[in-house]
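The values are calculated or read from the model by the stated rules, or taken from the named source; none is laboratory data. Note that the coordinates shown come from a computational prediction; the quantities given were computed from them, not determined experimentally. Glycine also receives a Cβ, built like all others from the backbone with ideal geometry; neighbour counts cover every protein chain displayed.
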Amino acid sequence: MIRFEHVTKGYPDGFEALQDLSFEIGQGEMVFVTGHSGAGKTTLLRLIGLIETCTRGEVQVGGHNLARIERNQLPYFRRKVGMVFQDHRLLGDRTVFDNVALPLVVVGAGHKEVGRRVRAALDKVDLLKKEKLFPVALSAGEQQRVGIARAIVTRPPVLLADEPTGNLDPDLSVEIMRLFREFNQVGATTVVASHDWGLISRMGRRILVLRGGRLMGDGIAGGDVG
Amino acid sequence: MREAPSAQATPRGRLNLGYGLHRHLEAALDSLSALLESPLSTLMTAAVLGIALALPAGLHMVLGDLQRLTGDWQASAGISLFLELGATPAQAQGLQAELQQDERFSEVRLTAPRQALDEFRDSSGFAEALGLLQSNPLPFVLAVTPSPQQREPALMDALVAELKAHPAVELAQFDLRWLQRFHAMTEVAERVVRVLALLLSIGVLLVVGNTIRLEIQGRRDEIEVCKLVGATNGFIRRPFLYIGAWYGVLGGLLAWLLVSLSLWQLAGPVRRLAGLYHSEFRLGGTGFVTFGLLLAGGALLGLLGAWLAVGRHLDRLEPDRIR
Ligand SMILES: Nc1ncnc2c1ncn2[C@@H]1O[C@H](COP(=O)(O)OP(=O)(O)O)[C@@H](O)[C@H]1O
Ligand SMILES: [Mg+2]
């Protein structure tokens with residue numbers, strides 16, 4: 001589903017955030033990406049979500065070479081990739097419902113369908129009762145869950161999350177990670193970046209370890225993780 | 001990714017076709033209610049647009065009225081031929097007959113000295129003084145109305161010169177030369193108004209463009225998030241285009257009000273002034289057509305201004321730096 005072949009990402013200032021990265025993530029797989037701050041986790045996710053393009057090598061998602069996707073095709077690609085951000089990027093002037101509805105509204109879904117799907121997504125993250133509130137009225141954990149509901153409301157085949165538990169206490173973090181595991185179990189290929197080794201090593205899933213932009217380890221915790 | 005399960009699998013072309021009329025209506029009303037949420041700043045922008053639209057529109061209407069008026073007067077304007085004092089009635093009638101043959105004139109009226117004196121006595125209030133005159137000092141007068149084809153200023157001048165050269169004619173006078181000049185002046189003024197309209201239209205574009213630019217900056221986050229969840233440029237552009245169009249419509253509405261109010265204010269004085277010249281001249285009101293034109297013109301300019309601004313500023317808000 002996701003395939004990196006000798007991928008190098010140099011930023012315009014010449015700094016190479018990722019160097020010669022190769023790996024493959026199968027369809028329906030759930031993978032964690034870890035490493036210290038600055039290791040390149042965010043950059044890796046941004047390459048998959050086509051927010052950045054690599055400077056060398058090739059990134060493939062769903063069989064498409066991302067370098068070949070034209071600018072006017074970008075929105076249609078993005079609709080197949082759900083993204084969760086560390087700062088959740090909710091719109092403060094819209095209710096929880098409207099925030100979650102956004103990906104459906106941009107594709108022109110009808111009112112009924114929007115209502116049905118938004119409520120289903122909010123139900124999954126257990127926020128059905130807060131749909132009329134504005135993001136400021138929610139706790140950090142709840143805000144993050146709204147961001148997750150928005151990412152999964154269209155049931156995208158690929159789900160990306162960048163430090164989704166970055167600001168949360170350990171109990172909430174476990175809860176959020178369980179949510180991702182649930183979505184993965186219903187079929188979404190899921191990639192979660194997190195520096196919280198203690199948390200992800202207990203999830204029993206494959207982990208990619210980055211250091212200084214290079215792949216230092218690839219395996220299940222307790223196994224051969226370097 | 002072929003296995004994409006549902007809504008997001010919308011094929012490319014469908015979005016626009018499926019974007020039905022009711023959605024456009026919805027988007028239009030959304031934009032309007034967004035504008036009305038900050039009524040004061042909306043009103044101020046609309047007022048600037050209204051003034052910019054009202055100025056050329058109002059001037060154009062007043063000038064149109066004046067041109068129609070002077071045109072009418074010109075149509076009825078004739079040439080007065082004063083014959084030599086010694087001319088006999090036979091000579092005068094001969095000249096009248098001669099001119100009536102000429103197809104360049106539609107009407108030739110003869111006024112005898114006697115008749116002219118009576119008219120003068122009745123209308124001038126100099127009856128006493130005129131009574132003292134030994135003999136009638138007035139000549140035969142031929143009032144010549146040129147045919148409609150002769151009303152070009154140049155032709156008129158040639159005609160007057162030709163008539164003046166006739167041996168029996170002492171004096172040929174085109175009655176409303178000043179009117180001709182005035183008419184020509186209104187034509188120049190009309191041109192000035194057209195240039196003004198062009199400049200002010202550009203002003204409207206700039207004002208709307210700048211307003212939209214600020215709007216885009218204020219909604220940066222929203223635009224970026226929309227792009228991240230797969231909004232097309234068309235989707236993102238749409239509300240701004242509607243906002244621009246609404247500003248134009250509101251500006252057109254205000255312009256119509258301004259012009260109507262001004263004309264209404266001017267109506268009284270103009271009627272009095274016209275009365276002094278025994279004229280029925282009235283300023284035309286702002287009719288339905290003007291109303292429609294101002295609204296449509298405003299909407300079009302607003303849309304264009306927004307479109308230019310959106311084109312310039314939206315691309316800079318890509319959440320990514322791809323290509
Ligand atoms: N836009 C950018 N321009 C230049 N350097 C960047 C940019 N974004 C990230 N970097 C650099 O790339 C490296 C990896 O960053 P990032 O992918 O954000 O790491 P992580 O998410 O693992 O903390 C860091 O050293 C960072 O400073
Ligand atoms: Mg990061």
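Please go through (1) facing chain B (nearest Cβ under 10 Å); (2) touching a His at 6+ places or on another chain (Cβ under 9 Å); (3) assigned to a strand (DSSP E or B) for A:F77 and return the number of the only condition it doesn't satisfy.
For A:F77, the exception is condition (3).
Examine the stretch A:48-67 for a residue that is assigned to a helix (DSSP H, G or I), under 16 Å from the mean Cα position of the chain (by Cα) and more than 9 Å from chain B (Cβ to nearest Cβ), and state whether such a residue exists.
Yes: the stretch A:48-67 contains one or more residues that are assigned to a helix (DSSP H, G or I), under 16 Å from the mean Cα position of the chain (by Cα) and more than 9 Å from chain B (Cβ to nearest Cβ).
Could you figure out which of (1) within 26 Å of A:E5 (Cβ to Cβ); (2) in a helix (DSSP H, G or I) isn't true of A:G217?
If we test A:G217 against (1) within 26 Å of A:E5 (Cβ to Cβ); (2) in a helix (DSSP H, G or I), just (2) comes out false.
Report the residue count in the stretch A:9-27 for those that are touching a Gly at 6+ places or on another chain (Cβ under 6 Å) and surrounded by fewer than 20 Cβ atoms within 10 Å (Cβ to Cβ).
2
Would you call B:I216 part of a helix (DSSP H, G or I), closer than 30 Å to A:L159 by Cα and not small (G, A, S)?
Spelling it out, B:I216 is indeed part of a helix (DSSP H, G or I), closer than 30 Å to A:L159 by Cα and not small (G, A, S).
Against the conditions (1) touching a helix residue (DSSP H, G or I) at 6+ places or on another chain (Cβ under 9 Å); (2) away from ligand 1 (no atom under 16 Å from the Cβ), where does A:R181 fall short? Just the number, please.
Only one criterion is unmet by A:R181, namely (1).
Looking at the stretch B:229-239, is at least one residue among the small types (G, A, S), buried (at least 17 other Cβ atoms within 10 Å of the Cβ) and part of a helix (DSSP H, G or I)?
No: zero hits.
Run A:R71 past the list (1) over 18 Å from the mean Cα position of the chain (by Cα); (2) more than 7 Å from chain B (Cβ to nearest Cβ) and report the number of the one that doesn't hold.
(2)
Which count do you get for residues in the stretch A:61-105 that are more than 30 Å from A:A140 (Cα to Cα) and within 16 Å of ligand 1 (Cβ to nearest atom)?
Looking only at that region, the number is 0.
For residues in the stretch A:153-178 being within 15 Å of ligand 2 (Cβ to nearest atom) and in contact (Cβ under 8 Å) with a residue 40 or more places away in the chain, which is surrounded by the fewest Cβ atoms within 10 Å (Cβ to Cβ)?
Filtering first and then ranking leaves A:N167.
Taking only pairs six or more apart or across chains, which ones have beta-carbon atoms under 8 Å, a first residue in the stretch B:226-250 that is at the interface with chain A (Cβ under 9 Å from one of its Cβ atoms), and a second residue that is in a helix (DSSP H, G or I) and among the β-branched types (V, I, T)?
Once the first residue is at the interface with chain A (Cβ under 9 Å from one of its Cβ atoms) and sits in the stretch B:226-250, its partners that are in a helix (DSSP H, G or I) and among the β-branched types (V, I, T) give B:C226/B:I236; B:K227/B:I236; B:I236/B:I223.
Between a first residue in the stretch A:9-21 that is within 12 Å of chain B (Cβ to nearest Cβ) and touching a residue at least 24 places away in the same chain (Cβ under 8 Å) and a second residue that is within 16 Å of ligand 2 (Cβ to nearest atom) and among the hydroxyl-bearing types (S, T, Y), which pairs have beta carbons less than 8 Å apart while being 6 or more apart in sequence or on different chains?
What qualifies is A:K9/A:T43.
Within the stretch B:212-228, identify whether any single residue is modelled with pLDDT of 90 or more, surrounded by fewer than 24 Cβ atoms within 10 Å (Cβ to Cβ) and polar (S, T, N, Q), and answer yes or no.
no
Filter the stretch A:27-46 down to residues that are more than 13 Å from ligand 2 (Cβ to nearest atom) and within 13 Å of another protein chain (Cβ to nearest Cβ), then give me how many there are.
Within the stretch A:27-46, residues that are more than 13 Å from ligand 2 (Cβ to nearest atom) and within 13 Å of another protein chain (Cβ to nearest Cβ) number 2.
Right, B:V160: at pLDDT 90 or above and not charged (D, E, K, R) or not?
Here the answer is no, as B:V160 does not meet what is asked.
Name the residue that is farthest from A:P157 (Cα to Cα), counting only residues in the stretch A:81-98 that are buried (at least 20 other Cβ atoms within 10 Å of the Cβ) and either within 16 Å of ligand 2 (Cβ to nearest atom) or facing chain B (nearest Cβ under 9 Å) (or both).
Among residues in the stretch A:81-98 that are buried (at least 20 other Cβ atoms within 10 Å of the Cβ) and either within 16 Å of ligand 2 (Cβ to nearest atom) or facing chain B (nearest Cβ under 9 Å) (or both), the one farthest from A:P157 (Cα to Cα) is A:L90.
Show the residue pairs meeting these rules: Cβ distance below 8 Å; 6+ apart or different chains; first residue within the stretch A:30-48 and in contact (Cβ under 8 Å) with a residue 24 or more places away in the chain and charged (D, E, K, R); second residue within 9 Å of ligand 2 (Cβ to nearest atom) and assigned to a loop (DSSP other than H, G, I, E, B).
Matching pairs, first to second residue: A:K41/A:E163; A:K41/A:H195.
Yes/no per residue for (1) surrounded by 22 or more Cβ atoms within 10 Å (Cβ to Cβ); (2) at positive phi; (3) more than 11 Å from chain B (Cβ to nearest Cβ); (4) over 20 Å from the mean Cα position of the chain (by Cα):
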{"site": "A:V105", "(1), (2), (3), (4)": "no, no, no, yes"}
{"site": "A:A121", "(1), (2), (3), (4)": "yes, no, yes, no"}
{"site": "A:K132", "(1), (2), (3), (4)": "no, no, yes, yes"}
{"site": "A:Q144", "(1), (2), (3), (4)": "yes, no, yes, no"}
{"site": "A:A151", "(1), (2), (3), (4)": "yes, no, no, no"}
{"site": "A:F180", "(1), (2), (3), (4)": "yes, no, yes, no"}
